[in-house]
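The values are calculated or read from the model by the stated rules, or taken from the named source; none is laboratory data. Quick caveat, the model's predicted, so the values are computed rather than measured. Every residue, glycine as well, gets a Cβ built from its backbone with ideal geometry; the counts of neighbours run over all protein chains shown. For the accessible areas, the whole protein counts, side chains as well, though only heavy atoms, and no ligand, DNA or RNA atoms are used. Shrake-Rupley method; radii C 1.70, N 1.55, O 1.52, S 1.80 Å.
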Amino acid sequence: MAPSGLFSELKMAVPWGHIAAKAWGSQKGSPVLCLHGWLDNANSFDRLIPLLPRDFYYVAMDFGGHGLSSHYSPGLPYHYQNFVGEIRRVSAALKWDRFSIMGHSFGGTVGGMFACMFSEMVDKLILLDSSPFALDSNELENLLTYKRKVLEHTLLLEQAAKGPSRVLSPEEMLQRFLNNRHVGEECGKLLLQRGATQVPTGLVLSSDRRITLPEHTFDFISKELCVHAIKNLQAHVLLVKATEGFFHVRREYEADKGPMLFMTDTLKSALGERFQYVEVPGNHYVHMNQPDHVAGVVGSFLQSGTRIPARL
């Protein structure tokens, strides 16, 4: 039986302000931490969680600089490892010593690293059109450029810090948002409910302007470190791959899917029966656009240790 659509808002103190989250279900249920994608927010899970089993406590957090969470302190760029650290801060605030993680896209990559670093704390890892790491295989020539750009961008914004944020009408904001997302209008409005702020003349995005492209933030790792980290995993892992997912969003990676194949092969060989791979019809935001395509496989994985069909 699924949890109702009712949720409660949470706010957890951190040195730079607070991390915001929303929770569904009873705190007595088994905990599941839900991690949204790049420049999304906790509303990413609003349509999926009501379809999932009731006997879990689902907490969807806003990463720092996203949604209703505080922006990082001035002068500090957003680094991948800081987001990993936010999971540890949230689990400490909630007094969780063992829990499951469900992450979409960037959230899955952050959750994957956490599950390897704090392997004793994560019993199940659900990757929604995601990967537990970003490999450096196709990126070696770009790594220094990425690091340079994030620093230059941060300095540029500091110089223009007194300038006003761009204000758009609700219609303009939604259209710009939809142009950068593979979501329908209903899902776009849902993300903007938590991702934009009303001002007298329209809407401004709530996300920190220091946050640019995800590759400027990632820690790209070698294949050797990937293998070592995956061997450290104690969790059971479910990778839900959308048939028109990531490679349709970032077509520049479509020509060489080698890193993703290496990742799944490593997960299979290292984890054996603890790894499950399932394809579902849909795009990168299938968990929002068609949550029923995802809910059954995720619910079955959470509730039992039995294997599920590899294609739905």
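If R0 is 25 Å, the Cβ-Cβ spacing of ASN138 and VAL227 corresponds to a FRET efficiency of close to 0.90.
So between THR197 and HIS79, what do we pick up on full extension, going 0.36 nm a residue minus the alpha carbon distance?
Result for the pair: 40.0 nm of gain on full extension.
The helix-only estimate of mean residue ellipticity at 222 nm for the chain, built from DSSP H runs of length n ≥ 4 each weighted as -39500 (n - 2.57), is -10500 deg cm²/dmol after division by the residue total. Residue by residue, region 272-279 carries 3J(HN,Hα) couplings of x, 5, 7, 10, 10, 10, 10, 9 Hz when phi is fed to the Karplus relation 6.51 cos²θ - 1.76 cosθ + 1.60 (θ = phi - 60°); x denotes Gly or Pro.
Using a probe of 1.4 angstrom, how much of the accessible area of the chain is carbon and sulfur, in percent? The value for the chain is 55 percent carbon and sulfur by accessible area.
Extending 7 Å from the Cα toward the beta-carbon at both GLN27 and GLU171 defines two label points whose distance is 4.6 nm. When SER26, SER119 are compared by accessible surface with a 1.4 Å probe, the order from highest to lowest is SER26, SER119. Accessible surface area normalised per residue over the chain is 46 Å², counting heavy atoms of protein chains with a 1.4 Å rolling probe.
Please tell me which of these pairs span more than 19 angstrom C-alpha to C-alpha: LYS22/LYS189; LYS241/LYS268; LYS223/LYS268? From the list (LYS22/LYS189; LYS241/LYS268; LYS223/LYS268), the Cα-Cα distance tops 19 Å for no pair.
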